[in-house]
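Read through the structure below, which is laid out as structure tokens, and then see the notes.
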Ligand code: FAD
């Protein structure tokens with residue numbers, strides 16, 4: 001690149017990183033930037049047809065003579081804002097018109113366009129179905145009519161599995177429209193790696209038959225396999241929508257191909273693949289039929305298809321999927337192609353790998369699959385088995401599955417009616433508190449001596465009961481705590497995970513005393529025991545998960561519990577407590593005491609019979625509890641406090657703006673900003689600040705604020721009048737001291753009742769403008785100069801909090817540098833910063849944000865236990881038998 005690398009040998013024998021480092025040292029950064037930019041262009045040219053339609057059409061012309069045709073795709077990912085969607089829509093329309101003209105002038109032959117529905121609306125998702133369906137239908141119809149008018153084909157790309165139902169409904173609606181009658185250029189891509197693919201063909205056949213019109217079906221395997229596997233695991237779905245073995249996908253492709261062909265003229269099959277074996281199989285299946293085509297991606301499979309299109313060989317047309325767009329939009333597409341080319345299961349990768357024998361590449365996938373005899377994949381367990389044999393993962397709710405969704409919504413409606421009739425609970429009176437303390441104290445020894453296995457069994461039973469009562473809990477969470485449905489589902493899952501995790505932990509770390517090394521003639525054991533009654537004070541923002549998490553941990557460690565839930569959410573606490581009793585916990589081992597903090601809470605904290613306090617809430621209250629405990633006579637007891645944070649996300653100009661905005665919006669406005677982990681301050685590098693703030697505005701405009709019991713709602717109300725009034729006061733302050741970026745308008749019909757605060761984002765100058773955490777849907781944005789990064793990190797440290805931190809950057813060393821400098825409990829890189837998973841991301845802060853140990857982590861139970869050692873002198877009765885026996889053995 002610079003003429004300064006001495007030889008290829010040097011390149012080969014050094015890691016790429018070292019070579020680049022040396023290059024930078026020798027030639028300076030600008031040269032490297034230029035070289036990387038050139039390399040991107042070369043790669044881009046390989047996979048992208050042209051920067052504009054004009055360029056692409058000119059390039060296509062050269063290839064058409066050989067037998068290739070083209071379907072053009074406008075580069076770019078899913079729209080994040082309405083402005084993006086408008087831009088993509090206009091680009092599609094323009095491309096259709098340019099293609100039409102080129103085709104009519106005979107410049108190119110039979111072109112087509114490929115369309116991504118996710119580019120046409122920023123909220124193309126099942127939860128927004130009612131609102132978005134008509135908009136998307138109209139946009140798609142307009143594009144289809146435009147394509148029909150100039151007689152070019154239009155194919156709808158296949159995207160994530162959770163959009164399949166939505167896409168099929170749209171396709172049905174548009175295809176059935178009379179405006180398209182007589183036109184046979186409408187088509188869609190069908191993913192055979194999806195288990196439903198095979199059956200979708202029957203629905204499509206019915207549609208084509210009904211309208212006496214042929215459908216084009218592009219049969220593919222699918223491009224989102226890794227994302228589908230992760231999504232199912234993260235959401236705890238029952239299974240995967242895609243096959244877990246590559247050979248199963250290959251078999252499914254063959255089955256789908258056969259089925260498509262079996263429907264005769266109802267379909268125009270388009271077999272899209274780069275796999276020579278798949279092509280050979282299709283050639284065998286089609287027999288003499290010629291009303292079909294092959295398809296490939298631009299830049300891939302050329303050697304294979306040069307044979308196929310060759311007039312003297314197979315003479316079968318091949319259509320190339322040709323992305324068009326500028327280098328700015330190239331990266332995500334390029335990454336997908338590079339991953340596809342580099343995946344070790346991928347045909348295009350294996351064919352160039354000389355260590356893979358050709359015989360292996362041409363093995364019959366049907367035989368391979370049969371030989372497996374339905375054995376599950378050893379490295380891809382079902383989501384519920386994600387954590388191995390020791391603990392089952394909680395089950396989620398696949399809302400994209402229409403049957404699951406309909407059942408859930410139906411039970412929520414019934415339960416809502418029941419719940420609104422429920423009576424409220426009355427504050428515990430002094431005598432009840434006294435009785436509870438007495439009973440807990442009395443139960444302490446028995447519970448501590450109850451075998452760990454028995455305690456763990458109760459918690460495991462509790463987890464199952466929570467799973468069985470999921471709908472009731474979700475309903476109550478939406479009604480009493482105003483949580484949205486997806487948030488409520490996650491909360492129930494978290495509660496289940498807490499029970500199973502602490503049960504597992506107790507069995508692993510508390511059950512058997514640890515045998516310690518020491519001199520011969522004695523044995524030394526370290527055992528863990530209960531401390532006595534533990535007071536659990538939980539907050540309203542996670543009225544189920546934190547309530548249950550605290551209790552489950554204290555119980556697992558052998559302590560009776562006095563649970564004081566937040567004043568705002570006693571009904572959820574009541575239901576959870578009844579389930580604990582059903583799971584086998586005795587009434588004196590767990591007692592619920594509802595009431596205010598200043599009365600019931602304060603009374604309990606001060607009582608000497610309480611042997612430990614677990615608290616989640618504000619820093620001020622934690623400090624007060626700490627002071628009361630410090631002033632108590634008697635033993636000093638542990639306090640585990642989890643408090644708030646001034647959580648920031650630092651982003652730089654190398655981060656992908658779309659991802660930054662998506663993650664910032666989720667982190668700041670999800671759960672109406674009422675999570676301890678929620679994002680409060682977003683730092684954006686000045687070079688990209690305007691762009692990010694513009695996108696933020698567009699993404700916020702898509703937020704649906706309203707009734708939390710409706711699936712479409714993203715942001716519900718805040719918890720009570722006090723919370724609302726605090727936010728309004730802060731809003732007044734910001735209106736004077738800061739610049740409003742955007743505030744989501746409130747629709748009067750849904751938001752007139754309840755404590756609704758319109759989510760807002762303000763640009764502020766520095767962190768010092770905020771004197772405390774603002775608990776609600778209010779985001780502060782600060783633009784910064786990257787050369788002053790250290791000043792920002794110092795400001796964050798000086799705030800004294802240390803809960804969560806988000807970093808968005810593609811520079812590894814910068815991520816490392818920031819992570820080392822900022823002392824916080826939970827750091828999230830290039831993702832959102834909420835939703836810590838039990839046992840996977842143990843949660844809790846430092847500094848003003850909490851005492852630790854982390855909830856859902858391996859050290860929690862030991863803080864709730866007391867350690868005792870037992871040392872027994874085995875020589876006491878006259879001799880050291882064990883040593884003598886060892887002595888014998890040696891002789
Ligand atoms: P092969 O190497 O034979 O197969 C790769 C396939 O196997 C991939 O789908 C991969 O995900 C799958 N696979 C890998 N490992 C496993 C495993 N362990 N278990 C199960 N499956 C596994 N993709 C879309 O999603 N939507 C589209 O709209 C779309 N449009 C396209 C249009 C055209 C014209 C072409 C050519 C491709 C399109 N693709 C689309 C991309 C396409 O999905 C991939 O290029 C294709 O899957 C590669 O398959 P292959 O037969 O060439 O390669």
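Just so you know, all these numbers are worked out from the coordinates, no wet-lab data involved. These figures come from a predicted structure and were not determined experimentally. All Cβ positions, glycine included, derive from the backbone under ideal geometry; neighbour counts span all protein chains shown.
Residues 642, 125, arranged from fewest to most other Cβ atoms within 10 angstrom of their Cβ, appear as 125, 642. DSSP beta bridges confined to the chain are antiparallel in about 20 percent of cases.
When the label point is put 7 Å from the Cα of residue 446 along its Cα-to-beta-carbon vector, which residues of the stretch 572-602 have a backbone N closer than 18 Å? The answer is 580-592.
Could you tell me which of rounded, prolate or oblate describes the stretch 713-781, using a ≥ b ≥ c as the square roots of the eigenvalues of the alpha-carbon gyration tensor, with rounded for a/c under 1.5 and, failing that, prolate when a/b is larger than b/c and oblate otherwise? Cα axes put the stretch 713-781 in the prolate bin. Taking Cα atoms only, the orientation of helix 812-821 departs from the longest principal axis of the chain by about 20 degrees.
How would the chain be classified by its alpha-carbon gyration tensor: rounded, prolate or oblate, with rounded meaning a/c under 1.5 and the a/b versus b/c comparison settling the rest? Because a/c hits 1.5 or more and a/b exceeds b/c, the chain counts as prolate.
For the stretch 731-874, the antiparallel share of DSSP beta bridges with both residues in that region comes to about 40%.
At a 10 angstrom cut-off on C-beta neighbours, averaged per residue, how do the peptides 475-481, 131-137, 411-417, 683-689 rank from highest to lowest? Numbers along the way, then the final one.
Working: 475-481: 23.7, 131-137: 16.7, 411-417: 14.0, 683-689: 18.4.
Packing proxy ranking, top to bottom: 475-481, 683-689, 131-137, 411-417.
Taking the average, over residues, of other Cβ atoms within 10 Å as the packing measure, peptides 594-607, 363-376 rank 594-607, 363-376 from highest down. Listed by Cβ neighbour count within 10 Å, with the fewest neighbours leading, 284, 327 appear as 284, 327.
Against the chain, whose longest principal axis is taken from its Cα atoms, helix 881-890 shows a tilt of about 40°.
A straight line joining the Cα centroids of the stretch 197-217 and the stretch 349-419 runs 27 Å.
Could you state the angle between the C-alpha long axis of helix 16-27 and the longest principal axis of the C-alpha atoms of the chain, as a value from 0 to 90 degrees rounded to the nearest 10? Taking Cα atoms only, the helix is inclined about 80 degrees.
Please report the relative contact order for the chain, taking Cα pairs under 8 Å with a sequence separation of at least 6, and give it as a percent rounded to a whole number.
In percent, rounded to a whole number, it is 10.
Restricting to DSSP H runs of at least four residues, report the calculated mean residue ellipticity at 222 nm for the chain, -39500 (n - 2.57) per run over all residues, nearest 500 deg cm²/dmol.
-14500 deg cm²/dmol
Please report the spacing between the Cα centers of the stretch 428-446 and the stretch 270-301 in Å, no decimals. After rounding, the separation between the Cα centres reads 75 Å.
For the pair the stretch 228-259 and the stretch 666-715, the centres of their Cα atoms are 33 angstrom apart.
Placing a pseudo-label 7 Å from each Cα along the Cα-to-Cβ vector at residue 206 and residue 875 gives an inter-label distance of 8.5 nm. Spin-label model, residue 145 to residue 288: label points 7 Å out along the Cα-to-beta-carbon direction sit 4.3 nm apart. With a Förster radius of 41 Å applied to the C-beta separation of residue 417 and residue 258, the computed FRET efficiency comes to 0.25.
FRET efficiency for the pair residue 83 and residue 346, taken as 1/(1 + (r/R0)^6) with r the Cβ-Cβ distance and R0 = 35 Å, rounds to 0.45.
According to the square roots a ≥ b ≥ c of the eigenvalues of the Cα gyration tensor, what is the shape class of the stretch 742-891, taking rounded for a/c under 1.5, prolate for a/b larger than b/c otherwise, and oblate for the remainder? The partial results should precede the final answer.
Working: a/c = 3.62, a/b = 2.35, b/c = 1.54.
Verdict is prolate for the stretch 742-891.
With the simple model of a label 7 Å out from the Cα in the direction of the Cβ, residue 721 to residue 862 spans 4.9 nm.
Sort 465-472, 482-489 for me by packing, meaning the mean count of neighbouring Cβ atoms within 10 Å per residue, highest on top.
Answer by packing, highest mean first, reads 482-489, 465-472.
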